[in-house]
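Below is one structure, written out as structure tokens; comments come after it.
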Amino acid sequence: MDFFNRSREQDLHPGGETAMKAPFRILPVVLVLVALLCLPVTAIDNTTALHNVEIRQAHLAWTALDMDVEMNAAVTYCSTLYGADTSGMSALLAQFREKEALIPSAVTDEEVDALVAGMKNTTSLFRDETFVVVTKGQGKWEDLNVQVLAAKENNPYILNKQEAYWAVRKANHLADFDAWVKDGQQKLDTLKARGYDTTAAQRALDVFASKRPAVEAALTSKTEIAILTVSPQVLSLSEDFVRNLAVAQEQVPDSMRLKLLLDQADRAVVLADKVNTDLVPYLLDIGDADPVLSKTKTDITASRKVLDTGNLGATRTEMVHVQKDLVDLAQAYRDVAHSAALPEEFTAELNTMALRLDDAADQMGAAL
């Protein structure tokens, strides 16, 4: 998922010189591209969505104040022109400030979008009204631009809003970055505890996490160029982690693999029970086939109990006994087949049973 998204914010100063129908235009604020941190593992959660809105609020508060100062400077200049009527401009400025006051209460993306749209409409009307007043009063667009620039240059209120915006943006992005890493690590820890191989995914997450200083440095620089330089790197690494996580989730976990091996041993025990029952009419003493089979059942039960605790290391230790039991039981059936006078078909059945037990033991040994 995209790590940096561009905001839906648009410049509050629509149009250009063509739209103004004159050389003058209210100087546009440089629109910063709001980088929104998103969780790549899942959809954006409530916290990240809230951070998104907080960043947009801070950005809108900055650009709106910048526009407010421009509009106020324009009203001041136009009021000096001969026969100028600035009542329309002042009314539109008042409307703009009413919307500006609503920024803190815009707590959803939709509400911020509505405010931006309303402000753009007001500034468009203000621009048209300014054109009429300046033309009628024979004002000079160059002088108006100079006055607007002077009002904005080193304006402490604008600078304060700008600093506030970057502070909110930095804090929220870093918080979301940390939450992203924490969420990814929790997923990996859960998979690993269930026996999944998370080696590649863990490495990908660690590489992603290592980019935090670069992200922080880009945000500290307060320049879009720095952010746009690091964002593709972070995006690529987040996508790499998502791919590796998906691969890990598709694996058969060790816990399932061990369970399947114990299930196979159980099936062998059922067959061995039948074999032992069939041997009794021919032999009063079937040798090790009976006590080894009993031990196999006990060790399988013990292994299952440990597996249920989730301790795969201890489960493997227990299953080593089961593996040896299967080997010993196979040998016990071979001994009976070679030493006892049994019907030919029964001897063949014992040898087949021994091969089946050997195969189960080999598979278990390979997994342990």
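Okay, here's what the table says:
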read-out: Whichever residue in segment 335-368 is closer than 16 Å to Met319 by Cβ, of a type in the set (A, V, I, L, M) and in a helix (DSSP H, G or I) and, among such residues, is nearest to the chain's Cα centre (by Cα); value: Ala367
read-out: Every residue from segment 264-301 that is within 23 Å of Pro343 (Cα to Cα) and among the hydroxyl-bearing types (Ser, Thr, Tyr); value: Thr277, Tyr282
read-out: Residue in segment 166-173 that is among the aromatic types (Phe, Trp, Tyr) and open to solvent by less than 30 Å² (accessible area, probe 1.4 Å) present; value: yes
read-out: Any hit, segment 225-234, residues being in contact with a strand residue (DSSP E or B) (Cβ under 6 Å, 6 or more places away or on another chain) and open to solvent by less than 70 Å² (accessible area, probe 1.4 Å); value: yes
read-out: Sole residue being more than 30 Å from Glu98 (Cβ to Cβ) and either in a helix (DSSP H, G or I) or open to solvent by 80 Å² or more (accessible area, probe 1.4 Å) (or both), chosen from Lys120, Lys182; value: Lys182
read-out: Residue in segment 46-56 that is nearest to the chain's Cα centre (by Cα), counting only those that are open to solvent by less than 20 Å² (accessible area, probe 1.4 Å) and without any contact (Cβ under 8 Å) to a residue 60 or more places away in the chain; value: Val53
read-out: Candidate set from segment 57-89 (those that are in contact with a helix residue (DSSP H, G or I) (Cβ under 7 Å, 6 or more places away or on another chain), open to solvent by less than 50 Å² (accessible area, probe 1.4 Å) and among the polar types (S, T, N, Q)); member that is nearest to Gln138 (Cα to Cα); value: Thr86
read-out: Unmet requirement for Tyr333, which otherwise passes all of (1) open to solvent by less than 20 Å² (accessible area, probe 1.4 Å); (2) within 26 Å of Arg257 (Cβ to Cβ); (3) not aliphatic (A, V, I, L, M); value: (2)
read-out: Output for segment 287-305, where each listed residue is at pLDDT below 90 and either open to solvent by 20 Å² or more (accessible area, probe 1.4 Å) or closer than 26 Å to Arg194 by Cβ (or both); value: Gly287, Asp288, Asp290
read-out: Options Val146, Val107: the member that is among the aliphatic types (A, V, I, L, M), without any contact (Cβ under 8 Å) to a residue 60 or more places away in the chain and either part of a loop (DSSP other than H, G, I, E, B) or on the phi > 0 side of the Ramachandran plot (or both); value: Val107
read-out: Test: Arg97 is basic (Lys, Arg), at pLDDT 50 or above and open to solvent by less than 50 Å² (accessible area, probe 1.4 Å); value: no
read-out: Cβ-Cβ under 8 Å pairs, at least 6 apart or on other chains, segment 232-249 side within 17 Å of Asp197 (Cβ to Cβ), far side of a type in the set (D, E, K, R); value: Asn244/Arg203; Leu245/Lys187; Ala248/Asp197
read-out: Residue in segment 185-202 that is least open to solvent (accessible area, probe 1.4 Å), counting only those that are assigned to a helix (DSSP H, G or I) and of a type in the set (Lys, Arg); value: Lys187
read-out: Those residues of segment 306-326 which are farther than 14 Å from Ala367 by Cβ and either of a type in the set (Ser, Thr, Tyr) or surrounded by fewer than 18 Cβ atoms within 10 Å (Cβ to Cβ) (or both), in sequence order; value: Asp308, Thr309, Gly310, Asn311, Ala314, His321, Lys324
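The values are calculated or read from the model by the stated rules, or taken from the named source; none is laboratory data. Computed from a prediction, not measured in an experiment: that's the story for all the values here. Neighbour counts run over all protein chains shown; Cβ positions are idealised from the backbone, glycine included. Protein only, heavy atoms only, side chains kept; ligands, DNA and RNA dropped before computing areas. Shrake-Rupley method; radii C 1.70, N 1.55, O 1.52, S 1.80 Å.
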